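Shown next, in C-alpha cells, is the structure this report addresses.
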Amino acid sequence: MTKVRFGSLWLVLSLFAILLLPAIGASAETGSGGVTSDADTASRLGLLLGDGDGVSASYLDKTSTRLQAAIISLRLQGQLDKALSYTGTDSFNDAKLVGKANQSVLAYLKNHPELGWSGTGKGQFDPSAPISSQQLYKVLLEVMGYPSGTAYTYADTEIFAETKGLGQIAGTASLTNAHIASALVEALSAATAHGHSLFEMLQADGMLPDSAVLPQGERISLHQNDKLGTYFTDQAGHTLYFFTKDAENPDACQGDCLKAWPIYYADQLQIPAMLNAGDFSTLTRGDGTRQTAYKGWPLYYFAKDEVAGDVLGEAVGGVWFTAKSDYSVMLGTASELGNYLTDDQGRTLYYFDKDTPQKSACEGNCLTNWPAYKASGKSAPTGVASADLGMITRADGSKQSTYKGYPLYYFIQDQAHGDIKGQDVNKLWFVIDPAKFTGTTAPQAKTYHVYIKEFSFGTGPLTVEAGSSIVFTNFDDMKHNAVAVDGSFATPLLAKGDTFTITLNNAGTYDYFCEPHKKFMTGQIIVK
C-alpha cells in the first residue's frame, strides 16, 4: 500500500428478518479487486449473519430497529443467551409485536433496567422503530466502558464518540444494516476504557476467534460537515478531492499541480458498507504512477489541508471539489468549453434549445438519442445552487432532472467519462456552464401554477391564454393527479414535491378532478 501524508461481538439478526460508465481511459483497472467493504468484513468476522440470502445488497438496504440495537447491546455484554432463555412474563406492553424468541429478550430488558433499555414511555418498547447513529453509538460506547450519564451526556454522545474514533455514521437519523456494518467494523479498532481495543477485548472473551484479524490496508472514511455534507477522507481524516479537468484528461494535474494536490492511492482499500466496491478503480497515470479513482474521478489530497477535517481545497479555482458519493451533478472542465455540468460519473449533461421551463420537447426517437437524466444523489458542487436543481414528471410518468427548470439529457454517443460529442449537434444541443446558463432561446409562453395543497386545487377557476404552460405541483403528503373530464389531459399521480406541466392550445373551459379524491377535489381551467 502507498499512502500520501503530510505536515463479546456477533450481531444475531437471524432471529428476525432484516447506468455505470466505463472508468477513465484504457489505463484504468475496473472492478473491485483490492477493495473490501465493511459489509464483507462484518460477514467474515461473524458480526453480521444477514437474512435468508446472507449479507446481501437488499439486506444491507433494510432499515435497522431498536430491537436490533438492544440485541447488539446484550450480545456485546455477554447476556444475549440469558435473554433468549429468560422465562419471566413481565414485559413491555407491545412485546407481542415480535416473535417468541424476541419476546423473551424484551421481557429480560424490562426486568433489567440497569441495562439502559427502559422503553419509550407508557410501558412501550417500540421494537420496530428505527434507530439513530446517536442511539447506536451510545450502545457501543457503553460496551467499551464509557457509560452514558457518567462519561458523557446523551445529548453529547456523538461528540464523545468522535473522540474515540467513532464517526462513520454520525448524524444519521435512521440507520440501515449497512450503517450497522460500518459502525461495528469501525468500533473494533476503538480503544475501550480498559486500555485495549474492542477487537482485543472480544478476542479475549472468546467472541472472536484467535485467528481473526482486523481489516488491512488503507481506509476510505466518511466525514460530515455542516456546509459540505458528507465527503471522503483517508483513515486519518485528511480530505480527498476531485479535479474537474480530469474529465477531459486524467493526467491534467502535472508538475507543480501535483505538488499542491498529491495523488491518493491504496492497493488495498477498506470502504464503508454504504459505498459500492465496484465504483472504485485504479488509474495508471502517464508516468506510471497509480492512483485510486471513484466513479472515474481520480482522488487527490490538498497540501494546504494540515489537520484532519480541513477542507481548504473546496472550490479552489472553481475546479477542485471534495470527493463525495452523492453528487446529483458534478462539473467537468474542457479546454475549449470551460466548466460544464456532468452526472456523478463525469458523463456530460446537455440542454435542448427547444425546451421551455419545466417542459421537455424531446419525445420518441429524440429520447432514444438523448436519454433523459435522473439524478440519484442530492449534493451539488460549490457554486452550483441546489435550489437550481429540480425534477419534472414527463408525459409517461418518468422523472427527469432539471437545471434552472430546464430538462437535462445525456447523448447516446458519449460513452466515456469526459466525452462531449453532443455539443452543438444540429445547433440545438449544448453543454451547460452553470455560471452562464440563463435558459433556452425557444419562445416561452406564459406559465401558470396550480398548487395542490390540503386536498384542493385552489379557489376559483384558473384563466390562461391558449398555449400557456400550466404547472401542477403537489404539496400534500398524499398523492394527487389532475384529469380532465373531457379527456383532454391527465397528469400522472404526483407525490409530494412532484410537478407536471400541461399545455392547452384550444380555447374553452376544462373541468378536471383528482382521480383518488374525485368526489370533492375538482378544478377548472378557462382558456381564452
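Of 368, 382, 402, which residue is assigned to a loop (DSSP other than H, G, I, E, B) and either in contact with a helix residue (DSSP H, G or I) (Cβ under 6 Å, 6 or more places away or on another chain) or β-branched (Val, Ile, Thr) (or both)?
Working: 368 fails: assigned to a loop (DSSP other than H, G, I, E, B); 402 fails: assigned to a loop (DSSP other than H, G, I, E, B).
It is 382.
Checking the stated criteria, residue 32 turns out to be in contact with a helix residue (DSSP H, G or I) (Cβ under 9 Å, 6 or more places away or on another chain), within 30 Å of residue 269 (Cα to Cα), modelled with pLDDT under 95 and assigned to a loop (DSSP other than H, G, I, E, B).
Residues are listed down the side, and each one gets a yes or a no for (1) modelled with pLDDT of 95 or more; (2) touching a strand residue (DSSP E or B) at 6+ places or on another chain (Cβ under 9 Å):
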residue: 78; (1), (2): no, no
residue: 88; (1), (2): no, no
residue: 92; (1), (2): yes, yes
residue: 106; (1), (2): yes, no
residue: 113; (1), (2): no, no
residue: 118; (1), (2): no, no
residue: 122; (1), (2): no, no
residue: 144; (1), (2): no, yes
residue: 150; (1), (2): no, no
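Residue 411 passes every criterion in (1) aromatic (Phe, Trp, Tyr); (2) surrounded by fewer than 22 Cβ atoms within 10 Å (Cβ to Cβ); (3) under 26 Å from residue 322 (Cα atoms) apart from (3). Only a single item in (1) crowded, with 20+ Cβ neighbours inside 10 Å; (2) at pLDDT below 95; (3) among the charged types (D, E, K, R) is not met by residue 234, and it is number (2).
I'd like the residue in segment 321-339 that is among the aliphatic types (A, V, I, L, M) and assigned to a loop (DSSP other than H, G, I, E, B) and, out of all such residues, is modelled with the lowest pLDDT. Residue satisfying both the conditions and the ranking: 337. Would you confirm, using the coordinates I've provided, whether residue 186 is touching a Gly at 6+ places or on another chain (Cβ under 9 Å), part of a helix (DSSP H, G or I) and within 26 Å of residue 39 (Cβ to Cβ)? When the stated conditions are applied, residue 186 passes them.
Residue 60 passes every criterion in (1) more than 29 Å from residue 267 (Cβ to Cβ); (2) at pLDDT 90 or above apart from (1). Picking from 263, 271, which residue would you name as being crowded, with 22+ Cβ neighbours inside 10 Å and β-branched (Val, Ile, Thr)? After ruling out the rest, the residue left standing is 271. Considering only residues that are farther than 20 Å from residue 334 by Cα and either modelled with pLDDT of 95 or more or in contact with a Leu (Cβ under 6 Å, 6 or more places away or on another chain) (or both), which ones fall in segment 308-320? Across segment 308-320, the qualifying residues are 310, 311, 312, 313.
For the condition within 26 Å of the chain's Cα centre (by Cα), farther than 27 Å from residue 279 by Cα, surrounded by fewer than 23 Cβ atoms within 10 Å (Cβ to Cβ) and not aromatic (Phe, Trp, Tyr), residue 372 does not qualify.
Given the criteria modelled with pLDDT of 95 or more, surrounded by fewer than 22 Cβ atoms within 10 Å (Cβ to Cβ) and of a type in the set (Lys, Arg), does residue 354 qualify? Here the answer is yes, as residue 354 does meet what is asked. Hey, any hits in segment 318-328 for a residue that's farther than 30 Å from residue 56 by Cβ, in contact with a Lys or Arg (Cβ under 8 Å, 6 or more places away or on another chain) and not assigned by TED's automatic domain parsing to the domain that holds residue 61? There is at least one residue in segment 318-328 that is farther than 30 Å from residue 56 by Cβ, in contact with a Lys or Arg (Cβ under 8 Å, 6 or more places away or on another chain) and not assigned by TED's automatic domain parsing to the domain that holds residue 61.
The residues of segment 170-182 that are aliphatic (A, V, I, L, M), within 11 Å of residue 135 (Cβ to Cβ) and at pLDDT below 95 amount to a single one, 173.
Scanning segment 440-449 finds no residues that are within 30 Å of residue 342 (Cβ to Cβ) and in contact with a His (Cβ under 6 Å, 6 or more places away or on another chain).
Scanning segment 340-362 finds no residues that are in a helix (DSSP H, G or I), within 20 Å of the chain's Cα centre (by Cα) and of a type in the set (Gly, Ala, Ser).
Scanning segment 451-483 for residues that are of a type in the set (A, V, I, L, M, F, W, C), under 17 Å from residue 508 (Cβ atoms) and crowded, with 17+ Cβ neighbours inside 10 Å gives 462, 464, 470, 482.
Residue check: residue 477 meets all listed conditions (1) within 27 Å of residue 366 (Cα to Cα); (2) within 31 Å of the chain's Cα centre (by Cα) but one, namely (1). Just a yes or no: is a residue in segment 189-198 over 21 Å from residue 44 (Cα atoms) and part of a strand (DSSP E or B)? The answer is yes, given that some residue of segment 189-198 is over 21 Å from residue 44 (Cα atoms) and part of a strand (DSSP E or B).
The values are calculated or read from the model by the stated rules, or taken from the named source; none is laboratory data. What you see is a predicted model; the values in this text were computed from it and never measured. A quick note on method: Cβ atoms are made from the backbone with ideal geometry, for glycine too, and the neighbour counts reach across all protein chains shown.
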